[in-house]
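Data first, discussion second: the structure below is written as structure tokens.
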Amino acid sequence: MLTILGRSRGNSGFCDGLSRRGFLKIGGAALGGLALNQILALEASAGVVNSHKAIINVYLPGGPPHIDMWDLKPNAPAEIRGEFKPINTNVPGIQICELFPKIAQMMDKFALIRTLCDSDGAHDAYQCMTGRKKSDRGPGNGWPSAGSWVSRLAGQADRAVPPNMDVMYQTGNATWGEPGTAGFLGTKYNPFNVVGRKAREKSDDMILHGITLERLRDRDRLRQALDRFRRDTDPSGGMDGYDNYMQQALGILTTSKLGDALDLSKEDPRIVARYGQCDEAFQRDGAPRMVENFCIARRLVEAGARYVSLNYSRWDWHGPDGMNFVQARQDFPLLDSALSALVSDLHERGLDKDVSVVVWGEFGRTPKINNRNSRDHWPRVNAALLAGGGMRTGQVIGETNKFAEEPIRRPVKFQEVFATLYHKMGLDAHRDRIFDGSGVPRYPTDSDVEPMRELI
């Protein structure tokens, strides 16, 4: 995927040791011999439509503990209920963890799914990005991520902003930093990444350096002449569609819209402060606690992005004694601030009908606490929090048994959540088909999967 903001080698464990930020200077020439438009030709999106619906996918790498966050069991034995107490929300009958007081006071703006039942069980972002298990038999080149489906079917809302945006950091455990690919849809629908290994980089990599727009246009005329010659001499047809990519490259380079969206100095400081205090340190092999990226995601969809994925912190806590509860006391309040601020912003800006938000991890956690006072992997039940998109919020979907071990009412599958998000985008997951490389028609979700009736 195209990365604009760079990463350094540091202690990351990655071998190239290159700073992409230092290597790529927009308006200049090359990244490993590739100009920006050539990179976009591999990874950008095409097509323009007028409406602007969007999805923000917040991935919590490592498996957040459903029973300690959204489905507490205060009447269970101590070895199951854990250390936290439930609190009432502003929706009668709905309780969540005491460490989420801000979300509790606006629960009417959220929908809580307590019974995700088909988690793959692996430490991997794949299912949260595609809705499918890695073991699912797919077409050649693989299943597209949700962002790629949205990019292909909904198109681009603004020529200066790629529709499929990726704010996911590369992580020590590589599978926690992967937003998915476009699979058989083709590389031009891959996500456009704007962060690298470093937690914070300046967004001025998105603007022109040492070149005027007039000089850029002159170069464009030269490029057109050279491309006509290359196209005439290219027997493979590889130059087909190149002009579209160049137009997107020029759109990014000649406007400040994407750079402005990434620049929080242009945001009201009081709004930024609502999201909480960032922790730029990477959490072991996971992502940093960059609560500001929740604000960045909102700014990106305002600028024209249709799909934004981000990873937040590290939620694999069954290591040293008590880590599950020690880490929760740090991460829960930060997530509470960031997520409540994001959803508040969407409502205050009138975006709550158009922008959907989903928050989840790859699986849940064991109801029974282990001998290290932590919780282990538990794919039999998982949870998700949704907001916006014009969805019917202020409700809980599904019910688990008395120990939060498994669903006893309304089990939900990952694909059902994605079908709902697509529906709220105005996409029909059963009608909007694309033929794969073998000529087989493919759809964003399986034919027997419907949007969740409770939410629409």
Item to check | Given (1) closer than 18 Å to E416 by Cα; (2) among the small types (G, A, S); (3) over 13 Å from the mean Cα position of the chain (by Cα), number of the condition A160 does not satisfy | outcome: (1)
Checklist entry - For the stretch 54-131, list the helices (runs of 4 or more DSSP H) that sit wholly inside it and hold at least 2 residues that are in contact with a strand residue (DSSP E or B) (Cβ under 9 Å, 6 or more places away or on another chain); which are they? => result 66-69, 101-104, 126-130
Checklist entry - Which residues, counting only those in the stretch 349-372, are closer than 26 Å to L455 by Cβ, β-branched (V, I, T) and in contact with a helix residue (DSSP H, G or I) (Cβ under 6 Å, 6 or more places away or on another chain)? => result V355
Item to check | Lone qualifier among Y312, Y275 - being open to solvent by less than 50 Å² (accessible area, probe 1.4 Å), at pLDDT 95 or above and within 28 Å of A182 (Cβ to Cβ) | outcome: Y312
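Condition check ((1) open to solvent by less than 10 Å² (accessible area, probe 1.4 Å); (2) at pLDDT below 50; (3) not hydrophobic (A, V, I, L, M, F, W, C)) across all residues:
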position	(1), (2), (3)
G17	no, yes, yes
R20	no, yes, yes
L31	no, yes, no
A46	no, yes, no
N75	no, no, yes
V91	no, no, no
C117	no, no, no
Next on the checklist: Conditions first: (1) open to solvent by 20 Å² or more (accessible area, probe 1.4 Å); (2) in contact with a Cys (Cβ under 8 Å, 6 or more places away or on another chain); (3) aromatic (F, W, Y). W360 passes all but one, so which condition is the exception?
Outcome noted: (1)
Next on the checklist: Among the residues of the stretch 312-339, what is the count of those that are over 21 Å from R375 (Cα atoms) and either basic (K, R) or within 17 Å of the chain's Cα centre (by Cα) (or both)?
Outcome noted: 2
Next on the checklist: So, C295, is that one modelled with pLDDT under 95 and of a type outside the set (S, T, Y) or not?
Outcome noted: no
Checklist entry - Residue check: is E399 in contact with a Pro (Cβ under 6 Å, 6 or more places away or on another chain), closer than 14 Å to T115 by Cβ and surrounded by fewer than 22 Cβ atoms within 10 Å (Cβ to Cβ)? => result no
Item to check | Single match in K109, K102, K53, K85 (criterion: of a type outside the set (S, T, N, Q), modelled with pLDDT of 95 or more, open to solvent by 20 Å² or more (accessible area, probe 1.4 Å) and in contact with a Pro (Cβ under 8 Å, 6 or more places away or on another chain)) | outcome: K85
Next on the checklist: Exactly one condition in (1) under 19 Å from the mean Cα position of the chain (by Cα); (2) buried (at least 24 other Cβ atoms within 10 Å of the Cβ) is false for D352; which is it?
Outcome noted: (2)
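The values are calculated or read from the model by the stated rules, or taken from the named source; none is laboratory data. Since the model is a prediction, treat every value here as computed from it, not as a measurement. All Cβ positions, glycine included, derive from the backbone under ideal geometry; neighbour counts span all protein chains shown. Heads up: the accessible areas ignore ligands, DNA and RNA and are worked out on the full protein's heavy atoms, side chains in. Shrake-Rupley method; radii C 1.70, N 1.55, O 1.52, S 1.80 Å.
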